[in-house]
Amino acid sequence: MPRDDVLIVGAGHNGLTCACYLAAAGLKVRVLERRAVVGGAAVTEEFHPGFRNSTLSYTVSLLHPRVIRDLRLAERGLRIVERPFSNFLPLPDGRALKFGGDLATSQAEVARFSPRDAARLPQYYARLDRLAATLKRWVLEAPPNLGGAFIVQGWRDALAAARLLWQFGRLPQDGQRDLIDVFTKSAGHWLDATFECEPLKAALGWDAIVGNYASPYAAGCAYVLLHHCFGEVNGKPGIWGHAIGGMGRITELMADEARARGVRIDLEAPVARVLIERGRAVGVVLESGETIRARAVAANVNPKLLYQRMVDRSELPAQFADAIDRYRCGSGAFRINVALSELPDFACLPGTHAQPHHASGILFAPSLGYMDRAWRDAEDTGLARSPVVEMLIPSVVDDSLAPRGAHVASLFCQQFKPDADWDALRGRAVDAIFDVVQSYCPNFRRSLLGWRAYSPLDLEREFGLVGGDIFHGQLALDQLFSLRPVLGYARYRGPIAGLYHCGSGAHPGGGVTGAPGHNAAREIARDLA
Ligand SMILES: Cc1cc2nc3c(=O)[nH]c(=O)nc-3n(C[C@H](O)[C@H](O)[C@H](O)COP(=O)(O)OP(=O)(O)OC[C@H]3O[C@@H](n4cnc5c(N)ncnc54)[C@H](O)[C@@H]3O)c2cc1C
């Protein structure tokens, strides 16, 4: 049998995307996945008899429209349903904020709390849109590869660096200021400078702590907020939606497309190490002991997993190995899927019949101060007394997930210390999360039929997400763009010839985007041509 051109380690959505593009370039591709299903962090699984849900990632916006088009996902049946409005925040005083529908409706809602903030919303969105548009231009581009002393490494890098400077220079001065601010300031300071309404700031600032174990007042976390604003659903920018069939539907369709292009996908095929001969990656060795050779290897796994467990340190330049040691991973995210006999009955908006707020992103975190306190608690004890919880109830818009009349909900919870003793603390975390939901929905605990919880440690053990990091490495200035994963190795290539990065540890980072897979495929195909 002819030798494979490229082996891809991991069938996460980026590994699958990379495989599809490489196959389209005429290369022979084989994907090796450790688990029994494709999808990595984008999977739909049964977690309680008769109840299925997106196991980890649960909502779509960032998946790039070009990836959707090129991988023919819509033609193959992908359907994404928009939320009626982005967020619903039940508040401790019995009020609620419904936020993020059309601008006029959002303004009317916010005006109930602060007419001044309502008037400022259009300008805020205009600033955010300008920032998102600037950064979006780079999502499907390889960032310039800067050398040790910020020296560009080749003509492609010189061109990319020049384009970057040109684009920055074309922004008006307040746009340049905003761009610098998002990379250096906290979301809290950014939002406090514009708004006074606490629930509004919470609704907007929540994105800054998603997958980011930090106070919303931590310097630089404004970028994480912006990272969640790149996307679109059905051509509408900045909004989030639900993939019918859950996130696993996206990756099943990607795998179908890959197979149709001739890609071989091996499940339950864990890779033990990358085979390196004379400084070049020439294949992999599976945990079974089998050796598979190829012209190149692309790693969809976290860079720490790749370079600390699959590559012998002696093969790496010492500086690079040290930089990987320092590469920060750890999201502080705790994830629970719950099976419910009925919909949550909110004290502030009663009723167990489906209402628009049930189909939105329900945020149990009324202020940035609440989020900051949760982080401080977690620093002290591992977890917050009152954690930050977002709940989505996909079964309101998708009847494929739960038996008729029953529901599934995703609880995505933040501010859990990544390196706490999760085997000891897991149960306490579940109780604290359920207590938060119960305090707003008095029927919650009695409606629970079953649940499955994932601590940061579970995310690492079961999904290879080092430190439970949902993005394969923190999204911070020193780990972004030309510095992701490591300065000098930004163009999807590490220090070992023939070994590429095609997962979220490469630019533009985490989220279900398909972008690192798309970009890596372009670089690999160029090298192998
Ligand atoms: C709890 C949670 C919630 C999230 N919510 C959202 C959300 O709502 N929306 C969103 O856009 N993003 C969300 N994210 C982030 C997003 O899901 C991830 O950043 C993204 O899916 C990562 O994709 P990837 O293909 O780069 O890597 P992964 O999906 O991590 O894929 C890596 C693959 O490598 C495999 N692997 C690991 N070790 C080996 C080995 N030794 N041999 C072979 N294979 C191996 C893994 O099993 C996995 O399949 C969430 C993530 C988590 C964890």
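Annotations
- Some residue of the stretch 66-76 being at pLDDT below 95, under 30 Å from residue 472 (Cα atoms) and hydrophobic (A, V, I, L, M, F, W, C): no
- Matching residues in the stretch 86-107 - criterion: being free of Cβ contacts under 8 Å to residues at least 40 places away in the same chain and surrounded by 13 or more Cβ atoms within 10 Å (Cβ to Cβ): 101, 105, 106, 107
- On the stretch given as the stretch 358-382, residues that are open to solvent by less than 10 Å² (accessible area, probe 1.4 Å) and over 13 Å from residue 91 (Cβ atoms) total 8.
- Some residue of the stretch 31-48 being assigned to a strand (DSSP E or B) and under 22 Å from residue 289 (Cα atoms): yes
- Long-range neighbours under 8 Å by Cβ, at least six apart or interchain, first residue more than 23 Å from residue 364 (Cα to Cα) within the stretch 444-468, second within 8 Å of the ligand (Cβ to nearest atom) and open to solvent by 50 Å² or more (accessible area, probe 1.4 Å): 464/34
- Unique match (being under 18 Å from the mean Cα position of the chain (by Cα) and modelled with pLDDT under 95) among 465, 477, 459: 477
- Remark: pairs (first residue in the stretch 387-401, farther than 18 Å from residue 355 by Cβ; second residue in a strand (DSSP E or B) and open to solvent by 40 Å² or more (accessible area, probe 1.4 Å); Cβ separation under 9 Å; 6+ apart in sequence or on different chains) = 400/52; 401/52.
- Residue within the stretch 352-359 that is among the small types (Gly, Ala, Ser) and without any contact (Cβ under 8 Å) to a residue 60 or more places away in the chain present: yes
- Given (1) within 11 Å of the ligand (Cβ to nearest atom); (2) charged (D, E, K, R); (3) over 26 Å from the mean Cα position of the chain (by Cα); (4) in the same structural domain as residue 458 (by TED's automatic domain parsing), number of the condition residue 342 does not satisfy: (1)
- If the condition is being of a type in the set (A, V, I, L, M, F, W, C) and surrounded by fewer than 24 Cβ atoms within 10 Å (Cβ to Cβ), then the stretch 16-31 contributes 23, 24, 25, 27.
- Selection from the stretch 398-421 of residues that are over 19 Å from residue 343 (Cα atoms) and either more than 15 Å from the ligand (Cβ to nearest atom) or over 22 Å from the mean Cα position of the chain (by Cα) (or both): 417, 419, 420, 421
- Residue that is surrounded by the fewest Cβ atoms within 10 Å (Cβ to Cβ), among those in the stretch 108-141 that are under 30 Å from residue 345 (Cβ atoms) and touching a residue at least 24 places away in the same chain (Cβ under 8 Å): 114
- Within the stretch 203-223, restricting attention to residues that are in contact with a Leu (Cβ under 8 Å, 6 or more places away or on another chain) and either of a type in the set (S, T, N, Q) or in a helix (DSSP H, G or I) (or both), the residue that is farthest from residue 328 (Cα to Cα) is 203.
- Test for residue 473: is it buried (at least 19 other Cβ atoms within 10 Å of the Cβ) and touching a Cys at 6+ places or on another chain (Cβ under 8 Å): yes
- Residues being open to solvent by 20 Å² or more (accessible area, probe 1.4 Å) and either part of a helix (DSSP H, G or I) or within 14 Å of the ligand (Cβ to nearest atom) (or both) - total across the stretch 63-80: 7
- Lone unmet requirement of (1) open to solvent by less than 10 Å² (accessible area, probe 1.4 Å); (2) more than 13 Å from the ligand (Cβ to nearest atom); (3) modelled with pLDDT of 95 or more for residue 509: (2)
- When restricted to residues that are farther than 17 Å from residue 457 by Cβ and part of a loop (DSSP other than H, G, I, E, B), the stretch 403-420 contains 4.
- Members of the stretch 457-502 found to be of a type in the set (Val, Ile, Thr) and under 21 Å from residue 333 (Cα atoms), listed by number: 466, 470
- Single residue of the stretch 37-50 satisfying the filter (open to solvent by 10 Å² or more (accessible area, probe 1.4 Å) and more than 21 Å from residue 261 (Cα to Cα)) that is nearest to the ligand (Cβ to nearest atom): 41
- Taking the numbered list (1) touching a strand residue (DSSP E or B) at 6+ places or on another chain (Cβ under 7 Å); (2) closer than 22 Å to residue 301 by Cβ in turn, residue 452 passes all entries but (2).
- Strands (runs of 3 or more DSSP E) fully within the stretch 240-335 counting 2 or more residues that are away from the ligand (no atom under 13 Å from the Cβ) and more than 19 Å from the chain's Cα centre (by Cα): 271-277, 280-286, 291-299
The values are calculated or read from the model by the stated rules, or taken from the named source; none is laboratory data. These numbers were taken from a predicted model, which means no experiment stands behind them. With ideal geometry, Cβ positions are generated from the backbone for all residues, glycine too; neighbour counts draw on all protein chains shown. Accessible surface is based on the protein model in full, side chains and every heavy atom, while ligands, DNA and RNA are left aside. Shrake-Rupley method; radii C 1.70, N 1.55, O 1.52, S 1.80 Å.
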